[in-house]
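The values are calculated or read from the model by the stated rules, or taken from the named source; none is laboratory data. Treat the numbers as computed from the prediction; the structure is a model and nothing was measured. Counting neighbours? That spans all protein chains shown, and the Cβs are built from the backbone with ideal geometry, glycine included.
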Amino acid sequence: MDPFSSPAPSNGSSGPSTEALMDQVKAQLAQAYAEEFLETVRSKCFSKCITKPGTGLSGSESSCISRCVERQIK
């Protein structure tokens, strides 16, 4: 028998289903988008809003970060 002409897998095959693969791809894409979003927020909002790093955020820094994150979400 030719090794390249194997029969098509049946529904009872032991491999993952198309739906399971799609769910996995969706989860990986969501993770990648979340990581990209967080990196954007870190780079843009931190450099714009945090003028003097310290142990906590001032009220104006907190407001600035909140507005910046909202802009990134839209």
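List of remarks:
- Single unsatisfied condition, Pro16 versus (1) surrounded by 10 or more Cβ atoms within 10 Å (Cβ to Cβ); (2) modelled with pLDDT of 90 or more: (2)
- Scope segment 37-74; condition aliphatic (A, V, I, L, M) and exposed (fewer than 13 other Cβ atoms within 10 Å of the Cβ); matching residues: Leu38, Ile73
- For segment 55-70, a residue qualifies if it is hydrophobic (A, V, I, L, M, F, W, C) and either within 21 Å of the chain's Cα centre (by Cα) or outside any helix (DSSP H, G or I) (or both), and the qualifying residues are Leu57, Ile65, Cys68, Val69.
- Tallying residues that are within 18 Å of Ile65 (Cα to Cα) and among the hydrophobic types (A, V, I, L, M, F, W, C) within segment 27-55 yields 8.
- Residues being among the β-branched types (Val, Ile, Thr) and more than 15 Å from Ser43 (Cβ to Cβ) - total across segment 58-74: 1
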